[in-house]
Amino acid sequence: MAKQIVLTDKVYRLLKGSPLSYTLLSRNNPRAPLMWFDEEKGINRVLRYATNQNSPFEDEQDGTAILEPIVFEDGMLHVPKTNPVLQKLLHYHPHNGIIFAELDKEKDASQEVKDLNLEVDALIEARSLDVSQIEMISRVLFGIDPSTVSTAELKRDILVFAKRYPEEFLDSINDPELKFQAKVRTFFENGWIGVRGNNKELWYNTQTNKKKMCTIPFNSDPFETALAYLTSDEGIDGLKMLDMLLES
């Protein structure tokens, strides 16, 4: 059964952008169907906006329908409770929730509170990072060698990133795969893994191991190749060795 529609003054907004004028589909046509599936009747019912009718369904309208466009101005559409037909049509409209949505101040406020709390959580986490974590996150988020940038600059950049992209930041500091990527970047930065043979081979380059690691597949990235190799059965011993160097 369809949810009962409460008739009050309502405001609708476009979900993407705020053009000066946007005309919403208001009648059915073969190229752009405007229908609503009636579960009780088991049929698709054609919708049509007619200002002189009492129903938004074409099968309940008479032959003297006066059709008018539905126009959003600056991304907004105000519909008073004295225009119940348009409110009902917008309720059943297939683009409801896709192209436009009813403005819900309470719901929007709740979402804003949620976003603000997420931002605060991200900033608290960013502020609590120690130097080694800052360097690790910098490698992951910015793909840079932290030794080339001051700690103050890194802290600033991480705080700015956490504020702008709190969800992505929180995911990054808890993602073991990203932590592993940061570790492998450190191996490269410390010179413990090198590229030789015209960028065709990866080699270990430590005091005790200067053996060839693996061949870099054609058109592959050396870093991505190292990630794959060190997580394979063949590369696990090499990873343990590099981890010991990192911890020493």
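Read-outs throughout are calculated quantities, based only on the coordinates presented, and are distinct from any laboratory measurement. These figures come from a predicted structure and were not determined experimentally. Using ideal geometry, Cβ is built from the backbone for each residue, glycine included, and neighbour counts are taken over all protein chains shown.
Structure summary
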item	result
Relative contact order of the range 156-242, defined on C-alpha pairs under 8 angstrom at six or more residues apart (%)	16 percent
Dipole of the range 10-103 [Lys/Arg +1, Asp/Glu -1 at C-beta], most positive-end residue of T64, P30, P19	P19
Under 17 Å from the Cα of K88 - lysines, other chains or at least 8 residues apart	K3, K10
DSSP beta bridge pairing in the chain, given as percent antiparallel to the nearest 5	95 percent
Centroid-to-centroid separation of the range 62-96 and the range 118-160 [C-alpha atoms, Å]	50 Å
Loop-located trypsin sites (Lys or Arg not before Pro) in the range 160-248, at most 10 other Cβ atoms within 10 Å (DSSP)	K210, K211
Cα centre as origin, Lys/Arg/Asp/Glu Cβ charges: the chain dipole, Debye	460 debye
Counted charge near N52, where neighbours are those whose Cβ lies closer than 14 Å (Asp, Glu -1; Lys, Arg +1)	-3
Value of [θ]222 nm, deg cm²/dmol, for the chain, DSSP H segments ≥ 4, -39500 (n - 2.57) each, nearest 500	-13000 deg cm²/dmol
Size of charge dipole - the range 191-240 - debye, nearest 20, with Cβ of Lys, Arg +1 and Asp, Glu -1, no other charges	280 debye
Shape of the range 1-105, Cα gyration tensor, a/c cut at 1.5	rounded
Net charge of neighbours whose Cβ lies under 12 Å from the Cβ of E68, counting Lys and Arg as +1 and Asp and Glu as -1	+2
Violating pairs (Cα-Cα greater than 20 angstrom) within the set K179/K200; K105/K163; K183/K240; K212/K240; K16/K81	K179/K200; K105/K163; K16/K81
Correct option for Rg and Dmax of the Cα atoms in Å [calculated from the coordinates] among [x] 29.6, 91; [y] 17.1, 55; [z] 17.3, 51	[x]
At most 16 other Cβ within 10 Å, DSSP loop - trypsin sites (Lys or Arg not before Pro), the range 42-138	K81
Extension gain from K200 to Y165, taking 0.36 nm per residue of separation minus the Cα-Cα distance	8.9 nm
Cα-based helix-to-principal-axis angle, 105-128 vs the chain, degrees rounded to 10	10 degrees
Projected label distance in nm at R13 and D59, using a 7 Å step from Cα toward the beta-carbon	3.6 nm
Length added when fully stretched, I124-H78, from 0.36 nm per residue minus Cα-Cα	12.5 nm
Rounded tilt (10° steps) of 176-189 against the dominant C-alpha axis of the chain	40 degrees
